[in-house]
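Below is one structure, written out as structure tokens; the observations come after it.
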Amino acid sequence: MLRAPKFELATPTSLGEAIALLAEAGPSGMVIAGGTDLMPNLKHELFTPSLVVSLARIPELHGIRRATDGSLVIGAMSSLESIAENALVREQAPALAQAASLIAGPQLRSMGTLGGNVLLDTRCQWYNQTYFWREALGFCLKKDGSKYHVVEGGAKCVAAASNDSAPALMTLDAELGFESAAGRRSVRIEEFWLADGIFNKRHAQGEILVELTIPKTPAGHRGAYGKLRERGSIDFPLLGVAARLDVDDQGTVSRADLVVTALAARPHRVTKAGELLVGTRPGDPQGELAAEFRARLAELARLAHKQCHPLENIPGDAAWRKAMVPVYVRRTFEAAARRAGPVHHL
Amino acid sequence: MAARDIHGPAPPWGDEFRVVGKPTRKLDGLAKATGAAIYTDDIQLPGMLHAKTLRSTQAHARIRSIDTRAARALKGVHGVITGADLPIRYGVIPWTQDENALAVDKVRFIGDPVAAVAAVDEDTANAALKLIRVEYEPLHAYFDPREAAARHDPAIHEGRKEGNVSKHVRLEFGPVDELAAAADVVLEDEYSFHGSTHAPIEPHCAVATCSADGLLTVWSATQITHYVHRALAQVLEHPPQKIRVIQPCLGGAFGGKSDPFSLEFCVAKLAMLTGRPVKMLYTREEVFYAHRGRHPMSLKYRTAAGRDGRITSVDAKILIDGGSYSSFGLVTTYYAGQLLTGPYDFPSYRFDSTRVFTNKPPCGPKRGHGSVQPRFAFEVQLDQLAEKLELDPIELRRRNFQGERTRTVNGQRITSNGFLACLDQVERASGWKSKRGQMPFGRGVGVAGSMYISGTNYPVYPNKMPQAGVQLKVDRSGLVTVFTGGNDIGQGSNSMCAMIVAEELGVPLEHVRVVAADTDLCPVDLGAYSSRVTFMVGNATIDACRKLRSQIVSAVARVWQCAPERVRLMPGVVIDLEDPARSLSTAAAFQCAEEHFDTLGSTGSYNTPTLGGDYRGGTIGASPAYSFTAHVVEASVDTETGRITVHDVWCAHDCGRALNPMLVAGQIEGSVYMGIAEALLEEHRVNRLGLHAGPSLLDYRLPTSVDTPELHALIVESLDPEGPYGAKEAGEGPLHSSIPALSNAIFDAVGIRMKHLPFTPGRVLELLGEKSEREARARGGVETGGRV
């Protein structure tokens, strides 16, 4: 078995205590939530913290509730399993519930947290390897080295955003609430990402993600998530597609949104989704979808295909991942229109 | 072969079997399920050190120097060894010993072992590895077998006149070209098979201790204790009488634990040097470097046949990527050709197989050693033949059936052969007749057949001693202990021995204990490989039982003053057939025999008859009995994503007689799971820089339970004349034809031929695109199809 480097583990019982511990530790401190991302990364010596602060015993980080303004407030330590199964989330944020239901496998979903998935490190086949492997490679841009491997002659780290929850949360206008020694900060998830595989988040040292707020979605909100992967469980996405359709009482789309991920360092919003789909009528969720809606959707799928350029950053056939963009965009919107989903191969 | 080696398919007591043939749980099932079973890594000895291996970061390089001074100076480090400490080479095949426990002078793949450290704990050993300085002089590295076949400088193994060719075999039987020239139809095509690995759940592990008087004991997760024993004696130059090798409970092997491995020598050497017990457990990544998995092969086949579908000529040319060492490669190169000559009869056959070295983890025997790849190519080609002749693929296979009690074109003796029954069963169970060509576009069924060996008469080191030995000890309490060198690697061979003893001696199953795979206690057996254990150890167990049985019967007959024919050993009781009032408990009968014959015990053994063709290599692949298999796979293809879904696999396997139907079904299901896994998901790939593309269970995609189709195990019993009660193998044969049956099902579903493994969705889309272009051209249209 691989050994994790030695570190001190702190198990504070209040947020204040955790913030103080992290502030004191500085860059050598790290946070552990469910540990499903951090532990393998520690064993691969991608991180070598001297202090790891567990958030497991901090009550403020747990729980899913509806706020007085109708928005959904989710504690960052909520398990992915609870996100997938919670009735409020399923009703108000179906794309998020679906995305959570497809993360990893059942055991990992019971340990892994929503906050942990949002803050997931970017992934790359040249990076998520043991120290020995990376040493034999001559290391890489993201960790311990200066060489670029994904495309010969490349110069920028393109490790892929691989968190299924992120695109769903983007379509839901989620806000991330952080606390640190400097106080409380709230950021729209749209503005949280950086197009840099080395570190793709505007996340400062010592900041703890406390909760996520999802504004109230209208009654006709529909959402779905599509995930491409080789196996029916465990694997990170080769492509993730989140779709949003808000349909008014006339049956007309009032808002549409499309975010794809697992292609590049940050999730990508296909901005034309609204322009193409708003004003169309999807038609009967139980019957045949309307021809005009399907035609607009085909146009959106073509557009998404043009905009997406997967690289050989994560394992898997990049050409196939690209070919699947329009298929998954179409299928995921169809699922949303039908109040179905998730889109998955099982 | 001595008379002792054939016991016939009948029950020992005439009328019916009382234990054999009944679905029975494994002896160690409860211990494994409760966590009580002791695996090698569970062993903790007082003062035990932990060892780790430093591995090569270079794919091909000369070692200029190794500086271990800083590692030795680290507190807690007790021993550091390099190739200089273990200079003697080894290898499972005596003629191709090209491995060192730790690299001597050069390294041949990324992951090749270079040095080993023993320290007070794993962290200290790992820290010491980072202090070892190795200076390499890089050499040109070979990742493409075609290049290795053509270029010999630099040589991966120096001083061989064949350069980078590890083994070449060309054998020809009958007028191959003449019959092809005269045939009604000739099919010629190319196929390829990628690399895959065993991925046993238990990583390799070994523990060694050496007593003050030089007794070296090694516990190892091996499937061949006897070869480890021999190799340790050779490499350590330690007398074999002073070495004891024990295989504890084992967590899967599938061929991947058949070779002697670096860690066994390293723990032994470090234990001898430090005077303390030493353990080494491979990480999952290291298991991928130890490898010995399925050889990647490029295969060309030309099959000729008459209009009636009868095959007249088969010609094969195969290039095999062996990786960096020989391992079992000599045998692989033969098996790639020798094991194709059934269940079909053809009058002429030629194969030309070349195995080359490349700078990758060494390949070796994986479940269906050497013959899974050719079987894939050939069975797809048979489907192409059926298509061309517009024959039902099952009918084509029936027409070419070789029959029972016959000889193959390459001189192998066929005894029992239940292949027709296998075809009948899968045809019926799958609903073949109402499905083939009749389901909606996108869904299809495919068939394939195969055969495999039940051990071979070719021991890896030449000798005329028995291939399997068993010893029985009888206790006055009624307990019988079986001592066998046979390795139970999870397949249940210990349970098989116990069932035979219970059947033969009339003792309840729970009164039989099995002590296995301990070289001090057990007679030699050649180990768990080539599907030999049930056949050979089973026969040896019957042999031992019958000797003991005749003593018990004659002692009781003497007391009862009756003819021995009247004494019958029933479960727990010995009865007089003609006087039901007279009986003894089994324990009392044992005591009676002990009074008369003194301490009771017996030995039994098995050796193969003389087999094989009269030509060089003619004994390789010669088996005392062959198993036969047929698969039908039902699959569908999503033509938009290219994704293949396997719904059902029906596998009918002729295992001669199912001694324990529960374990036979388990072997069939496990084999099919493994076959479909390597067809669709698993890939052992080395990237352009020589690094394993994903040496972890995240990136090496073993199917999970949700990825696994419905498996239908159908048992066919042909009652082999020489197997124990008629039994043959069931552990490897049922893998073979699952893969071509899937390819053939995809053809039935969407009309494309999957000739290259693995069957990825990207490849499916490419072929669908080519197909729709072809069809558009044929219609004279300008439509484009394929990838969206």
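Residue by residue, here is whether (1) touching a residue at least 24 places away in the same chain (Cβ under 8 Å); (2) over 27 Å from B:THR608 (Cβ atoms); (3) assigned to a helix (DSSP H, G or I) holds:
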| site | (1), (2), (3) |
| --- | --- |
| B:MET439 | yes, yes, no |
| B:THR456 | yes, no, no |
| B:MET465 | yes, no, no |
| B:ALA498 | yes, no, yes |
| B:VAL507 | yes, yes, no |
| B:GLU510 | no, yes, yes |
| B:VAL515 | yes, no, no |
| B:GLY538 | yes, no, yes |
Hits in the range B:128-142 (condition: part of a loop (DSSP other than H, G, I, E, B) and either touching a Pro at 6+ places or on another chain (Cβ under 9 Å) or buried (at least 18 other Cβ atoms within 10 Å of the Cβ) (or both))
B:LEU131, B:ILE132, B:LEU139, B:HIS140, B:ALA141, B:TYR142
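Any idea how many residues of the range B:85-115 are of a type in the set (Val, Ile, Thr), over 18 Å from B:TYR289 (Cβ atoms) and not in a helix (DSSP H, G or I)?
Residues meeting the conditions: 2.
Okay, residues lined up against (1) more than 10 Å from chain B (Cβ to nearest Cβ); (2) within 19 Å of the chain's Cα centre (by Cα); (3) surrounded by 20 or more Cβ atoms within 10 Å (Cβ to Cβ); (4) not in a loop (DSSP other than H, G, I, E, B):
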{"site": "A:ARG302", "(1), (2), (3), (4)": "no, no, no, yes"}
{"site": "A:ILE314", "(1), (2), (3), (4)": "no, yes, yes, no"}
{"site": "A:ARG330", "(1), (2), (3), (4)": "no, no, yes, yes"}
{"site": "A:ALA340", "(1), (2), (3), (4)": "yes, no, no, no"}
The lone condition A:ARG123 fails out of (1) more than 14 Å from chain B (Cβ to nearest Cβ); (2) among the basic types (Lys, Arg); (3) closer than 30 Å to A:PHE333 by Cβ is (1)
Flag if B:THR541 is surrounded by fewer than 24 Cβ atoms within 10 Å (Cβ to Cβ) and of a type outside the set (Phe, Trp, Tyr):
no
Do you know which of the residues in the range A:1-16 that are closer than 19 Å to A:ALA181 by Cβ and surrounded by 15 or more Cβ atoms within 10 Å (Cβ to Cβ) is nearest to the other protein chains (Cβ to nearest Cβ)?
A:ALA10
Exactly one of (1) away from chain B (no Cβ under 14 Å); (2) touching a Gly at 6+ places or on another chain (Cβ under 8 Å) is unmet by A:ILE234. Its number?
(1)
Please tell me if B:SER371 is among the small types (Gly, Ala, Ser), under 15 Å from B:SER166 (Cα atoms) and modelled with pLDDT of 95 or more.
no
Checked B:ALA125, B:ALA118 against criteria (buried (at least 18 other Cβ atoms within 10 Å of the Cβ), more than 14 Å from every other protein chain (Cβ to nearest Cβ) and outside any loop (DSSP other than H, G, I, E, B)); the one match is B:ALA118
Which of the helices (runs of 4 or more DSSP H) contained wholly in the range A:43-156 include at least 3 residues that are within 21 Å of the chain's Cα centre (by Cα)?
A:80-85, A:87-92, A:94-101, A:106-111, A:114-118
Are there any pairs, at least 6 apart or on different chains, whose C-beta atoms fall under 7 Å, with the first in the range B:613-631 and at pLDDT below 95 and the second surrounded by 24 or more Cβ atoms within 10 Å (Cβ to Cβ) and hydrophobic (A, V, I, L, M, F, W, C), and if so, which?
B:ILE620/B:VAL331; B:GLY621/B:LEU339; B:GLY621/B:ILE453
Out of the residues in the range B:682-738 that are hydroxyl-bearing (Ser, Thr, Tyr) and assigned to a helix (DSSP H, G or I), which is nearest to the other protein chains (Cβ to nearest Cβ)?
B:SER705
Those residues of the range A:196-231 which are in a strand (DSSP E or B), in contact with an Asp or Glu (Cβ under 7 Å, 6 or more places away or on another chain) and within 14 Å of another protein chain (Cβ to nearest Cβ) amount to A:LYS227
Could you say which residue among A:LEU22, A:LEU15, A:LEU46, A:LEU42 is under 30 Å from B:PRO203 (Cβ atoms) and touching a residue at least 60 places away in the same chain (Cβ under 8 Å)?
A:LEU46
Residue list for the range A:94-111, restricted to those being over 21 Å from A:ALA336 (Cβ atoms), more than 14 Å from chain B (Cβ to nearest Cβ) and not polar (S, T, N, Q)
A:MET111
With B:ALA51, B:ALA61, B:ALA31 as the choices, which residue is surrounded by fewer than 17 Cβ atoms within 10 Å (Cβ to Cβ), small (Gly, Ala, Ser), modelled with pLDDT of 95 or more and not assigned by TED's automatic domain parsing to the domain that holds B:LEU663?
B:ALA31
Just checking, which of A:HIS268, A:HIS344 is within 17 Å of the chain's Cα centre (by Cα) and farther than 28 Å from A:GLU191 by Cα?
A:HIS344
How about the range B:572-609: which of its residues are among the polar types (S, T, N, Q) and buried (at least 18 other Cβ atoms within 10 Å of the Cβ)?
B:THR586, B:GLN591, B:SER602, B:SER605, B:ASN607, B:THR608
Given the criterion part of a helix (DSSP H, G or I), buried (at least 21 other Cβ atoms within 10 Å of the Cβ) and within 14 Å of chain A (Cβ to nearest Cβ), identify the matching residue among B:ILE676, B:ILE668.
B:ILE676
Search the range B:53-94 for residues being β-branched (Val, Ile, Thr) and within 14 Å of another protein chain (Cβ to nearest Cβ), and hand back the single one that is farthest from the chain's Cα centre (by Cα).
B:THR57
Exactly one of these conditions fails for B:ALA377: (1) part of a helix (DSSP H, G or I); (2) of a type in the set (A, V, I, L, M); (3) not assigned by TED's automatic domain parsing to the domain that holds B:VAL409. Give me its number.
(3)
Restricting attention to the range B:67-84, report how many residues are surrounded by fewer than 19 Cβ atoms within 10 Å (Cβ to Cβ) and outside any loop (DSSP other than H, G, I, E, B).
6
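Just one of B:THR610, B:THR619, B:THR629, B:THR599 is more than 14 Å from chain A (Cβ to nearest Cβ) and under 30 Å from B:ILE552 (Cα atoms); which is it?
When all the criteria are applied, what remains is B:THR599.
The values are calculated or read from the model by the stated rules, or taken from the named source; none is laboratory data. In this text, all values refer to a predicted model and were calculated from it rather than measured experimentally. Ideal geometry is used to build each Cβ from the backbone, glycine not excepted, and the neighbour counts take in all protein chains shown.
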